């Protein structure tokens, strides 16, 4: 029997209050604005400035943050359903106990961000960057991560399930107690950084060319 002692731990869910108050249109300038205990539904907050924006104990539904500047963003105990965060700049953000379902995050930037107990489910994260970010107890499920940038990202207790990591960049990335299941790894960059990951045997067979490249084995025709 295979030991599960090194399996990644599931992220803790958001702790949301039973009653949430609908948020009306916030100010144009979102810098240091705080959303607390709210239901934010259908608002278009794209192309705004929101440095150090704080969103806590809140549910976001079909909210748009496309190209919004949110350096220093704080999300704590937040559930995000749908909406678009395309090309958002969330450098040095902190996300804690956050769930994102069906969110479009193409080209989203999270350099030097911290993720703790975060779940991305059925999200589009192609071309997203997690450069020098720290991810702990994070789950990616059925996500598109083509050409995502994990340069020098530190991933501890991370689980990728049924994700497309085609041409993702792993240069300098480190994985601890992390696992890949049913993922596409075609042309992934720096496959040697996968060292230490857990993977089912059938997945390892399907990714034999990538894993061989990681250890310098050249695959030839029989």
Expected sort for 203, 122 with the fewest Cβ neighbours (10 Å cutoff) up front is 122, 203
Expected unfolding gain across residue 121-residue 192 under the 0.36 nm per residue rule, minus the alpha-carbon gap, is 22.9 nm
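Determine how many Å³ per residue the convex hull of the Cα atoms of the chain encloses.
Working: hull volume 23.4 nm³, N = 222.
Normalising the Cα hull of the chain by residue number yields 106 Å³.
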Kindly put 184, 202, 129 in sequence by how many other C-beta atoms sit within 10 Å of each C-beta, fewest to most.
-> 202, 184, 129
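Sorting 127, 165 on the 10 Å Cβ count, fewest up front, what's the list? Each step should come with its number before you reach the end.
On the way: 127 19, 165 26.
Lowest to highest Cβ neighbour count: 127, 165.
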Packing-wise, with mean Cβ within 10 Å as the measure, how do 23-30, 171-178 rank, highest first?
-> 171-178, 23-30
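Work out the FRET efficiency for residue 204 and residue 12 from their Cβ-Cβ distance, taking R0 = 35 Å, and round it to the nearest 0.05. Walk me through the numbers before you get to the answer.
On the way: r = 30 Å, r/R0 = 0.85.
The calculated FRET efficiency here is 0.75.
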Using label points projected 7 Å from each Cα along Cα→Cβ, tell me how many nm separate residue 25 and residue 176, to one decimal.
-> 4.8
When DSSP beta bridges are limited to those with both residues in segment 21-214, what percentage is antiparallel, rounded to the nearest 5?
-> 0
According to the square roots a ≥ b ≥ c of the eigenvalues of the Cα gyration tensor, what is the shape class of segment 124-222, taking rounded for a/c under 1.5, prolate for a/b larger than b/c otherwise, and oblate for the remainder?
-> prolate
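Values in this text are rule-based calculations from the coordinates and carry no lab data. Please read these numbers as outputs of a predicted model, since none were measured by experiment. Cβ sites come from the backbone with ideal geometry, for glycine too, and all protein chains shown count toward neighbours.
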